[in-house]
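Taking it in order: structure first as structure tokens, then the write-up.
The values are calculated or read from the model by the stated rules, or taken from the named source; none is laboratory data. Quantities reported herein were computed from a predicted structural model and do not represent experimental measurements. Here Cβ is always computed from backbone atoms with ideal geometry, including for glycine, and neighbour counts include all displayed protein chains.
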Amino acid sequence: MDIIFRRGEATAAEVNAALPDQPSYSTVRTLLRILEQKGHLKHREDGQKFVYSPTRTRAAASRSALKRVVNTFFEGSFSEAVAALVDTADGKLPAAELKRIEAIIKNAKSK
């Protein structure tokens with residue numbers, strides 16, 4: 001998905017070429033087909049090639065994926081997810097990131 005988000009659209013061959021440890025071409029085609037079946041991608045035909053593009057923005061896909069992670073690993077608790085992220089940083093979050101997190105929380109409280 002990251003490759004297609006960066007490029008805007010891509011064929012299976014282009015996705016395969018952009019992967020660091022290239023799997024087989026048929027593996028990439030299978031994964032793209034599965035992502036399309038799940039509604040993450042759509043395709044158009046260009047001659048004999050399928051050109052894949054995302055069905056929604058990266059931001060919308062990120063939010064959806066994050067919600068699934070929170071529900072799966074943190075029993076739906078956003079505070080537990082945030083705590084895990086902050087704890088992962090070993091308490092060494094840069095001041096700018098802490099300030100941004102504080103601003104986001106303040107904004108959320110005012111809504």
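Numbers for the structure displayed
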quantity	calculated
Residue under evaluation S53, criteria (1) in contact with a helix residue (DSSP H, G or I) (Cβ under 7 Å, 6 or more places away or on another chain); (2) at pLDDT 95 or above; (3) within 30 Å of I104 (Cα to Cα), criterion not met	(3)
Test result for K42, part of a strand (DSSP E or B) and either assigned by TED's automatic domain parsing to the domain that holds L85 or modelled with pLDDT of 95 or more (or both)	yes
Which listed residue is more than 30 Å from K109 (Cα to Cα), part of a helix (DSSP H, G or I) and in contact (Cβ under 8 Å) with a residue 40 or more places away in the chain, from I4, I34	I4
